[in-house]
Amino acid sequence: MNKKIIILLLAILPCIASAQKGRHFEFDYFVLELGFSNSFNGGPSERCNNKYFKGGEGLVHLEPIESLGYTPGFNLGLQFHHDCKNDNIGFITGITAHWWGNSYKYETPKKDVELTECNRVLSLGVPLYIKLSDELYNRQAYFYFGTQVDFNLNITTTQKVDGKKLSAKDYNEARNKINVPIIVGFNFTIINFRIGMTPMSIFNKDYEITLGGGQESKPFKDMNNMTFFANFAFTIPLSQWTVKRSYFLSRIF
């Protein structure tokens, strides 16, 4: 799935560049974005009583460890920019493949075993931003804000017990299919930085699993809702703006 999305986004770039050849796209143009994301989240609720670990002696109840979770990721996107003719306000949309997630720590009541759980999400997002500047196109320096409607395609959970990695599991049946984060950011030439917050959990908190002996449990009920992220990216306008700044590209286009 991951490779197919990357190949699709890269395959359409030559078509876009060819379509813009010889044309002036000051107010409507595409931008390629390649970024690195850092996700942060708080620990589960102190009332967490739905987490279990299957050990050698059967099911072991786990308690949350108060900690700040960190999960690295990245994104690859193709944006469409429309700048109004006053060159002070514009709009951004497009499509973005985003790999992100959250991490939690638990321990047994005796504190003799520690479990780290990392949930990684593959989302396909549609950005919806407003951008502002005193000169949008030539400077490519602007503030922007808005949201990105993320369609969660896949969730993979990896666990480590005392540093030893266990087999990964897919929890796609338990995922929330859509996330809508709140985002603010700044772009300067080809450097882009944004921060955001997802106000809802990536999992359906009412999802149930059956434990040994027919016991029902909701493993995601006490999970922290909010995930914060900081994203650093390179943005390359696929227009005459980039061509004029590169001798190599100017010979091609």
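The values are calculated or read from the model by the stated rules, or taken from the named source; none is laboratory data. Predicted model, so just to flag it, every value in this text is computed and none were measured. Every residue, glycine as well, gets a Cβ built from its backbone with ideal geometry; the counts of neighbours run over all protein chains shown.
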When the stretch 185-222 is checked residue by residue, the ones that are without any contact (Cβ under 8 Å) to a residue 24 or more places away in the chain and surrounded by 15 or more Cβ atoms within 10 Å (Cβ to Cβ) are K205, I209
Of the residues in the stretch 109-142, those that are assigned to a loop (DSSP other than H, G, I, E, B), polar (S, T, N, Q) and either under 21 Å from N41 (Cα atoms) or touching a residue at least 60 places away in the same chain (Cβ under 8 Å) (or both) number 1
Exactly one of N192, N204, N154, N179 is polar (S, T, N, Q), out of contact with any Gly (no Cβ under 9 Å at 6 or more places or on another chain) and more than 20 Å from P64 (Cβ to Cβ), and that one is N154
Of (1) modelled with pLDDT of 80 or more; (2) basic (K, R); (3) more than 15 Å from M223 (Cβ to Cβ), K105 fails just (3)
Examine the stretch 117-132 for a residue that is buried (at least 19 other Cβ atoms within 10 Å of the Cβ), among the small types (G, A, S) and modelled with pLDDT of 90 or more, and state whether such a residue exists. yes
- If you check H82 against the conditions, is it modelled with pLDDT under 95, surrounded by fewer than 20 Cβ atoms within 10 Å (Cβ to Cβ) and in a strand (DSSP E or B)? yes
Within the stretch 76-88, the count of residues that are more than 30 Å from C118 (Cβ to Cβ) and in contact with an Asp or Glu (Cβ under 8 Å, 6 or more places away or on another chain) comes to 6
The residue from Q148, Q159 that alone is surrounded by 20 or more Cβ atoms within 10 Å (Cβ to Cβ) and either modelled with pLDDT of 95 or more or not small (G, A, S) (or both) is Q148
From the option list N154, N225, single residue qualifying as surrounded by 12 or more Cβ atoms within 10 Å (Cβ to Cβ) and either acidic (D, E) or modelled with pLDDT of 85 or more (or both) is N154
Of the residues in the stretch 195-217 that are more than 25 Å from the chain's Cα centre (by Cα) and on the phi < 0 side of the Ramachandran plot, the one that is modelled with the highest pLDDT is E208
V180 meets each of (1) over 28 Å from D206 (Cα atoms); (2) surrounded by fewer than 16 Cβ atoms within 10 Å (Cβ to Cβ) with one exception, condition (1)
Restricted to the stretch 55-109 and to residues being more than 30 Å from L132 (Cβ to Cβ) and aromatic (F, W, Y), the residue farthest from the chain's Cα centre (by Cα) is Y106
